[in-house]
1. Cut-off under 18 Å on the C-alpha distance; same-chain residues fewer than 8 positions from Lys168 excluded. Which lysines are left, in chain and number order?
2. Which ³J(HN,Hα) values, rounded to whole Hz and listed in residue order, are derived for region 172-185 from phi using the Karplus coefficients 6.51, -1.76 and 1.60 in 6.51 cos²θ - 1.76 cosθ + 1.60 with θ = phi - 60°, glycine and proline given as x?
3. Using R₀ = 45 Å, calculate the FRET efficiency as 1/(1 + (r/R₀)^6) where r is the Cβ-Cβ separation of Glu155 and Arg120; round to 0.05.
4. How charged is the neighbourhood of Trp111? Take every other residue with its Cβ under 12 Å from the Cβ of Trp111, and add Lys/Arg as +1 and Asp/Glu as -1.
5. Place a +1 charge on the Cβ of each Lys and Arg in region 52-207 and a -1 charge on the Cβ of each Asp and Glu, then give the dipole magnitude about the Cα centre in debye, rounded to the nearest 20.
6. Quick one: what are the phi-derived ³J(HN,Hα) couplings along region 118-124, Karplus 6.51/-1.76/1.60 with θ = phi - 60°, whole Hz, x for glycine and proline?
7. What lysines sit close enough to Lys147 to cross-link, taking a C-alpha to C-alpha distance under 26 Å and skipping anything fewer than 8 places away on the same chain?
8. Given N residues in region 82-193, what is its alpha carbon radius of gyration divided by 2.2 N^0.38 Å?
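Laboratory data are not the source of any read-out in this text; all were calculated from the coordinates shown. Just so it is clear, the model here is predicted, and its values are computed rather than measured. For neighbour counting, all protein chains shown are included, and Cβ atoms are generated from backbone atoms with ideal geometry for every residue, glycine included.
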Amino acid sequence: MFHVVVRNAAPVCRLLVPRSGVLIESVRGRKSRSDPKAKSKAGRIKVPPPVDPVEMLVLKERFTQYDLIMKALRSEFKEEMLLRRYEQEVGSLAEERAKQEAEEHRELMAWNDAENLRLRKLREERIQKEEEQEELRKTEAAIYRDKRTEAFLKEKEQEILQLQEEAKNFITLENVDQCIEDALDNPKNYNFAIDKEGRIVKTSVLE
């Protein structure tokens, strides 16, 4: 059986040149089902090897002994396993195991109680710290609120004082005549121009 091998690494010019033959490589493989029998084995007949009757009897006897020995071992192991299981369930081993389980249960319960007590102390300490922090936060919030209220009251007092000071210059029925006379005696001109910096650069003349 032959397989054609093509060399892809060859240049294009070499591929275009006509060749006299094809490069092939001989590969030895297996025969297919349709291939005929080899000529050297055409007349060969497969004959099973001869069996010695004496050897056959010996082997049969030995196999029988082996089966008996393995069956006896299996029975012994099974009996031992059943006896051990019985001792574990209802015998002295079961009582000892029950004692061990009860002791282990007591130890686990003691450890559980100690762990619960430790976690309870940690939880109480955490809750106490949280309460202290909450109380401190409330105190700081109350102080901050009192300071804001005090600052607000002071600001309002300043506004009231300022209004009282400005109220002295308010025009009332008692001083309206005097204010009119003062305005006529001291006229003010609001018709003026200012620059970008807010300075007065031009003022009109009052007529």
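1. Output for Lys168: empty list, no partners.
2. 10, 5, 6, 10, 5, 5, 5, 5, 5, 5, 5, 5, 6, 6
3. Rounded to the nearest 0.05, the efficiency is 0.30.
4. -2
5. So the dipole magnitude of region 52-207 works out to roughly 660 debye.
6. Running phi through 6.51 cos²θ - 1.76 cosθ + 1.60 with θ = phi - 60° gives 5, 5, 5, 5, 4, 5, 5 Hz.
7. Lys138, Lys156
8. It is 3.37.
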